[in-house]
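Peer 1: This is the structure I have questions about; it appears just below.
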Amino acid sequence: MVRRRVCAALVSMAISGLGLPVMAQVEAQSPPAEQGQAPRVVRFDIPPQDLDTAMTRLADQAGIRLLGASGDLAGKRTAGLSGNYTIAEALNTLLAGSGVGWRLSEANTVILERVAPGSSAPGVVPLDPVRVQGGVPPQALIDNLPPPYAGGQVAKGAQVGFLGERDFMDTPFNQSSYTSTLMQNQQARSIADVAANDPSVRNAWPAVGYSSALMIRGFSFNSNDTAFGGLYGIAPTLMVSTDYLERVEILKGPSTMLNGMPPFGSVGGAVNLVPKRAPGQELNRVMATYVSAGQFGGTTDVARRFGDDRAFGIRFNGTYRNGSTPVNQQTQAVGAAVFGLDYRGDRLRAAVDYGYQTQATNSPLRATYVAAGLPVPLAPGGSANWFQPWTFQQNTDLFGVARVEYDVTPDWTAYGAVGARRSLFNALTGFATVTSANGNLAENPLNFPGWSQANTEDVGVRGRVDTGPIRHALSLNGTRVMLEGGQLFPVVATIQSNLYQPTFIAKPNVAALNPPKTNSIELSTLGIADVISVFDERIQFIVGGRLQRVQVGNYSPITGVATSYYDQSAFSPAVGFIAKPWSNVSVYGNFIQGLQQGTTAPVGTLNAGQTFAPQKTQQLELGAKLDLGKFATTFSLFQIDRPFGITNPSTAIFSVGGTQRNQGLEWMMFGEPFQGFRPLGGITLLNARQLDTGSNLTNGLKATGVPDVQLNLGAEWDASFLRGLTFSGRLIYTSLQYLDAANTQSIPSWTRFDAGVRYVFERKDGKPIALRFNVENVFNLNYWASANAELGLAMGAPRTFLLSLSADF
């Protein structure tokens, strides 16, 4: 069903010579141009899909309004369209054989009408109009999601902070936007599963765990720094279910100017989650799932649009799965219910998301530490679990976001958003440290009840103004993120055990606790940026900055009195450029910073208690991108310097004088270069060093947890002998990593293979049924996936089978 869109750009389309006849049979050739003018050519990227959905994408990408033919498009399929076409050619190609024709109604409207077999003239009664307005202003955020790139696994663009949605060729940063299609086909359950496609990202937490902690460009990423709809503090804590997400956008490198400082100071990259919205056609989808060794579940996805113009939309995603995981004695239950509502008016757009997510894991895997001076033990079997069977982790999150934007003029849009989250968590989890070469370990179970809540506000304006041959795209916004929470950490008695032959004891008596407020964070920012374009936007310069205030408080769990308070501000600038020597080549560069809360001199130093200004991580990056229409590749070189605190051994004075310098090269590819073949992946080479550490034992050595080589190569292939059958495979390689700063402890390189197959067919009513089967870690490799001085050792997942059956009705 064709959706409603807004577009003012069609007047210029008509002037430039669209050249539409009064009525065109879909079999007809493209009409001639207006006298003396050539038809406008548009780059289209429309994958195979339902015809009504494809026509919605055409309206988006061409900037046209479509009326009518709502019933006549339903249930029909199209092979899609990719490449440069006139709008008339695109209409003819998609509608070929459908029995639907088109005609120009006015400068900004194309009418779709049923064509009688053999008819060469209109002579038909127009259908009930279902208006679909295409082409919201480019500065809009709502209803302006970049379309999928050829192959459908990644998108053509993403939200670049407060600059709004931008095509990847017009972005001077390295960013990947993974689609819901990829998540569904790979049966991704978490953000970490999605990130397994990215060579710049590695999982920093046990794969069969309860968190999506990552390493991006060699720096740790706290899962609680994940943004939801561009807002910090709103996403469910620790792990997010992917079933209600349309996109997972990963920006590599610092991003304070674009997004503000994240609450927990991640500087290696940014992750933004885009929730699903009601599409133009009705959607009714159910799916049954199975994950080895015995976790069964299901999902529901229902969407509708209402109103004369179908301006109102609602979408519901429900998820539940429960049962045994591939790890011994471990069970996990995950549930989610998320509503997404939106309104699309001529100048006003609004969206609301409201969700509930719960997760409960029994005997969860956590990171494991190794005592100094010991070699890292060999990884146990992939299904091994050395944590006590009575340990558990429970999280419940209630979250919501409301966003509204209004087009003050066709070139200027004002917007505002508010969000909130309320979370409860309770855990009795073990912290294990290997204490001998034979794998003996000391496990310290920690009783960890707590709560947290967040409130986030975002207000701003985006717009365009031309000053002669120079175009300015201006952005101004202010944000505030307020978080507070309460946690208690009483430790249960130490348990002596072994990594390979664990000792299990009876569950100790643990008192129920009700933690008071123990911490608070408030982050206030004001950002401004200007994208300056010349030569038809073939040369672009981005200049901007953000003023960031950081307020952090800690409170006594007994008296409630503040025990420490931090209040510092910093200005974080950024510059970038884009040059397009050819239309399909983009060369870019950037300088940008990431902020973290400044450290405090520890007890025992001469200046103990001194607080420092927010620490600035700085990035320099240079790259190039090539877009061939159906296949794209990106290449980048970068250097990131992150400061850290050191104590001078001679003076005992603490200062922020050390630096971790990560230098890297990234190459990535995606698309569908050949019909039915879709590669995805790339390679990242890293050289991460510790500089100015104040110690000859560590100065100049490798940084912990950062491999030299990260390789991800995946592909899908549609079988030619059976329509709807697709095979997939993926290789993930990670080289050696050091666990300690002195580079005396390390884990070996590892290589993992994944494989999958799916079969999609249609019932007589044209609705699809899809059967998917995936295997992760095909050869059941036993391996430590990551090693990090902060997070310890993370176990890789054993061989895991995933099976699902979905049906639309």
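Peer 1: Is it the case that the stretch 447-467 has a residue that's in contact with an Asp or Glu (Cβ under 7 Å, 6 or more places away or on another chain), basic (Lys, Arg) and surrounded by 13 or more Cβ atoms within 10 Å (Cβ to Cβ)?
Peer 2: yes
Peer 1: For the stretch 143-151, indicate whether the set of residues that are modelled with pLDDT of 85 or more, part of a loop (DSSP other than H, G, I, E, B) and farther than 23 Å from GLY671 by Cα is non-empty.
Peer 2: yes
Peer 1: Which residue, of PHE296, PHE306, PHE316, is closer than 21 Å to GLY229 by Cα and surrounded by fewer than 21 Cβ atoms within 10 Å (Cβ to Cβ)?
Peer 2: PHE316
Peer 1: Yes or no: the stretch 652-666 includes at least one residue that is in the same structural domain as GLY576 (by TED's automatic domain parsing), within 22 Å of the chain's Cα centre (by Cα) and surrounded by fewer than 22 Cβ atoms within 10 Å (Cβ to Cβ). Working first, answer last.
Peer 2: Filtering the stretch 652-666 for residues in the same structural domain as GLY576 (by TED's automatic domain parsing) gives 652-666.
Cutting the leftovers down to within 22 Å of the chain's Cα centre (by Cα) gives us 664-666.
Then drop every residue that is not surrounded by fewer than 22 Cβ atoms within 10 Å (Cβ to Cβ), which leaves 665.
Scanning the stretch 652-666, I find at least one residue that is in the same structural domain as GLY576 (by TED's automatic domain parsing), within 22 Å of the chain's Cα centre (by Cα) and surrounded by fewer than 22 Cβ atoms within 10 Å (Cβ to Cβ), so the answer is yes.
Peer 1: Sticking with this one: Looking at (1) surrounded by 17 or more Cβ atoms within 10 Å (Cβ to Cβ); (2) touching a residue at least 40 places away in the same chain (Cβ under 8 Å), find the lone condition where TRP412 falls short.
Peer 2: (1)
Peer 1: What number of residues in the stretch 513-551 are surrounded by fewer than 19 Cβ atoms within 10 Å (Cβ to Cβ), aliphatic (A, V, I, L, M) and in contact (Cβ under 8 Å) with a residue 40 or more places away in the chain? Before the answer, list the steps.
Peer 2: Step one: filter the stretch 513-551 for residues surrounded by fewer than 19 Cβ atoms within 10 Å (Cβ to Cβ), giving 513-517, 519-520, 522, 524, 526, 528, 530, 532, 534-539, 541, 543, 545, 547, 549, 551.
Filter again for aliphatic (A, V, I, L, M), leaving 513, 526, 528, 532, 534, 539, 543, 547.
Within this subset, residues satisfying the condition of being in contact (Cβ under 8 Å) with a residue 40 or more places away in the chain are 513, 526, 528, 532, 534, 539.
Matching residues across the stretch 513-551 total 6.
Peer 1: Taking VAL302 as the residue in question, decide whether it is of a type in the set (Val, Ile, Thr), part of a strand (DSSP E or B), free of Cβ contacts under 8 Å to residues at least 24 places away in the same chain and under 22 Å from ALA351 (Cα atoms).
Peer 2: Answer is yes for this residue.
Peer 1: Checking the condition polar (S, T, N, Q), modelled with pLDDT of 95 or more, more than 21 Å from SER212 (Cα to Cα) and surrounded by fewer than 16 Cβ atoms within 10 Å (Cβ to Cβ), which residue from ASN696, ASN687 passes?
Peer 2: ASN687
Peer 1: Right, here's the next one. Hey, any hits in the stretch 277-295 for a residue that's within 30 Å of LEU67 (Cα to Cα), in a loop (DSSP other than H, G, I, E, B), modelled with pLDDT of 95 or more and touching a helix residue (DSSP H, G or I) at 6+ places or on another chain (Cβ under 8 Å)?
Peer 2: Within the stretch 277-295, none of the residues are within 30 Å of LEU67 (Cα to Cα), in a loop (DSSP other than H, G, I, E, B), modelled with pLDDT of 95 or more and touching a helix residue (DSSP H, G or I) at 6+ places or on another chain (Cβ under 8 Å).
Peer 1: Hey, can you tell me all the residues within the stretch 607-622 that are at pLDDT 95 or above and not in a strand (DSSP E or B)?
Peer 2: PRO614, the sole residue that qualifies.
Peer 1: Moving to a separate point now. Being modelled with pLDDT under 95 and acidic (Asp, Glu) narrows it down to one of ASP708, ASP740, ASP765, ASP718, so name that one.
Peer 2: ASP765
Peer 1: Would you check which residues across the stretch 458-485 are modelled with pLDDT of 95 or more and small (Gly, Ala, Ser) and list them?
Peer 2: Within the stretch 458-485, GLY460, GLY463, ALA473, SER475, GLY478, GLY485 qualify.
Peer 1: So is SER655 among the hydroxyl-bearing types (Ser, Thr, Tyr) and over 30 Å from THR256 (Cβ atoms) or not?
Peer 2: no
The values are calculated or read from the model by the stated rules, or taken from the named source; none is laboratory data. Here the structure is a predicted model, which is why all the values come from computation and not from measurement. FYI the Cβ positions are ideal-geometry reconstructions off the backbone, even for glycines, and counts take in every protein chain you see.
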